[in-house]
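Take a look at the structure below.
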Amino acid sequence: MRIVLVGFMACGKTTIGQLLAARLKQRQIDLDEEIVAREGLAIPEIFSRFGEEHFRLSEHQALLDNIGQDAVITTGGGTPMRDDNAACLINSGAPVILLDAEISTIVDRIGNDRNRPIANKLDPAGLEKLKASRQSRYERVASLKIQTDQLRPEEICDQILDFC
Ligand code: S3P
């Protein structure tokens, strides 16, 4: 069974993806991890050495290479922003689930995490603006949106599995 998770940074894609994969006894493919493995560098180093454009190309390739896999596929927060990636997600035939959260939850979770170069250069207002600018795209590619703030991880998985 294929399931794709999308959403802004720190909305729980990777955590929920791991749980879902365990419940379904399936592989999880995390695009960020795929990129790190391909490049042999952590995400902040990819950004600082080669720039965001290079990261986005690598992300695009990782999406194309993995979208057909029978797995729980977790994307990066920026993955649906490229038009070709959005088309790939919409046409994948897999349920695409949007995990959403309040900006206060996101700001708390990101905290001092140095592994997110896009978030690291933004203050809370900047993060909120970026999320707002991306929101319609997330909603366009997804077939189900889950507001996660008040839910336990197991409940989020239940909702996803009920839908799929
Ligand atoms: C990004 C989100 C990150 C990662 C990269 C860029 C973004 O993934 O792909 O730092 O542009 O929103 P997460 O959503 O898993 O943090």
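The values are calculated or read from the model by the stated rules, or taken from the named source; none is laboratory data. Please read these numbers as outputs of a predicted model, since none were measured by experiment. We place every Cβ from the backbone using ideal geometry, glycine too, and count neighbours over all the protein chains shown.
Across segment 105-148, the number of residues qualifying as surrounded by 12 or more Cβ atoms within 10 Å (Cβ to Cβ), modelled with pLDDT of 95 or more and either more than 15 Å from the ligand (Cβ to nearest atom) or not in a helix (DSSP H, G or I) (or both) comes to 9. For beta carbons closer than 7 Å, sequence separation of 6+ or different chains, a first residue in segment 47-66 that is farther than 19 Å from VAL6 by Cβ and a second that is within 12 Å of the ligand (Cβ to nearest atom), the qualifying pairs are PHE47/PHE55; PHE47/PRO117; HIS54/ILE46. Of the listed requirements (1) over 16 Å from ILE3 (Cα atoms); (2) in contact with a helix residue (DSSP H, G or I) (Cβ under 9 Å, 6 or more places away or on another chain); (3) of a type in the set (Lys, Arg), LYS145 misses just one: (1).
Taking ILE16 as the residue in question, decide whether it is among the hydrophobic types (A, V, I, L, M, F, W, C) and under 13 Å from the mean Cα position of the chain (by Cα).
Numbers: among the hydrophobic types (A, V, I, L, M, F, W, C): yes; under 13 Å from the mean Cα position of the chain (by Cα): yes.
So ILE16 fits the description; yes.
Among the residues in segment 46-63, are any in contact with a Gly (Cβ under 7 Å, 6 or more places away or on another chain), under 18 Å from LYS145 (Cβ atoms) and modelled with pLDDT of 95 or more? Checking segment 46-63: not a single residue is in contact with a Gly (Cβ under 7 Å, 6 or more places away or on another chain), under 18 Å from LYS145 (Cβ atoms) and modelled with pLDDT of 95 or more.
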